[in-house]
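Quick notes on the structure that follows.
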Amino acid sequence: MKKFITSMVLALAMAVPAVGFASEVIKVEKANIDLHNKQSLQRGAKYFVNYCMGCHSLSMSRYNRVATDLGLTPEQVQKNLIFTRTDGELAKVGELMKNGMTAKYGAEAFGNAPPDLSLEGRLRGADWIYTFLKSFYKDPTRPLGVNNTLFANVGMPHILWELQGMQELQHAEAPAEGAHAAANAHAEPKLVLSQPGKLSPTEYDRMVLDITNFLVYVSEPGKLHRQAVGIWVVLFLLIFIVVAYFLKKEYWKDVH
Ligand code: HEC
């Protein structure tokens, strides 16, 4: 038993550093998501099914739940959100948001299978997802020609490159310009947009923010409802404290 405990402690100690994410060249950016912003969530859902769902499923969400939470009618969902087929038929609004990508095919095609993103919002958090989608850069040494500063040697292609354009990683030794040259000499590597895309950087940021917002919502669809109920529960408890106090006074008044 003692041996077992020692080996468990050792295993844990070894696992802890492995859990930490790869060293980040670029700092994680703050994503100011707003789960109350239905328009942003609707746009995020549309972008997700159009650009991401070919590879990533949301196997813990159903289309009709998303529709109800985001204020969409079943018709709108059928028309705008459903493109995946199971057994040759378009998915129905009551179905789970799955796709046809098998883990085996994903692993063969990309090295690593695209993971299900149902809980990604809770696993990585909004800031990480937002920064990840903004951190792809050109890297001819990689099989797909791109890499990611936040997720080194990522298997995912830069799906949104036509919209964002292509970034390059500029190292500190790259020629710095102007009076700040000396100050820049010790600067950290940074991402520079070398080939503009169809969207301006501001538009691209908004798009990525919408997708992030949607993924965070999906990872905990009941959050807003829970918070709304929570306020009433706390209010009830506050009022009840007063009632309980006077009740206590009334019951005990003859005892002393
Ligand atoms: C062509 C297939 C493909 C498409 C389309 C795609 N991805 Fe990926 N994605 C991948 C693969 C493969 C990985 C796994 C990378 C790895 O582990 O090296 C991945 C990983 C990720 C991760 C990191 C998962 C983690 O925590 O390890 C996130 C987040 C992500 N994708 C989001 C998106 C979003 C958002 C979109 C749509 C804008 C998208 N992906 C579109 C293939 C794809």
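Side notes on the structure shown:
- In this simple spin-label model, placing a label point 7 Å from the Cα along the Cα-to-Cβ direction at both ASP254 and ARG142 gives a separation of 8.0 nm.
- Here TRP161 and TRP232 are evaluated by their C-beta separation; at R0 = 35 Å the FRET efficiency comes out at 0.15.
- Inter-label distance, nm, simple model (7 Å from Cα along the C-beta direction), HIS36/VAL243: 2.9 nm
- For the pair region 72-104 / region 134-153, the C-alpha centres are spaced 30 Å from each other.
- Descending by average beta-carbon neighbour count within 10 Å, the peptides 238-246, 105-113 line up as 105-113, 238-246, the highest first.
- Here the gap between TYR105 and VAL192, fully extended at 0.36 nm per residue and compared with their Cα-Cα distance, gives a gain of 28.0 nm.
- Taking ARG43, ARG226, ARG124 and counting other C-beta atoms within 10 Å, the order from fewest to most: ARG226, ARG43, ARG124
- Residue separation of GLU75 and GLU89 scaled by 0.36 nm, minus their Cα-Cα distance, works out to 3.4 nm of gained length.
Every read-out reported here was derived from the displayed coordinates using simple, explicitly stated rules and does not represent laboratory data. Not measured: the values here are computed from a predicted model. Note: ideal-geometry Cβ built from the backbone for every residue, glycine included; neighbour counts use all protein chains shown.
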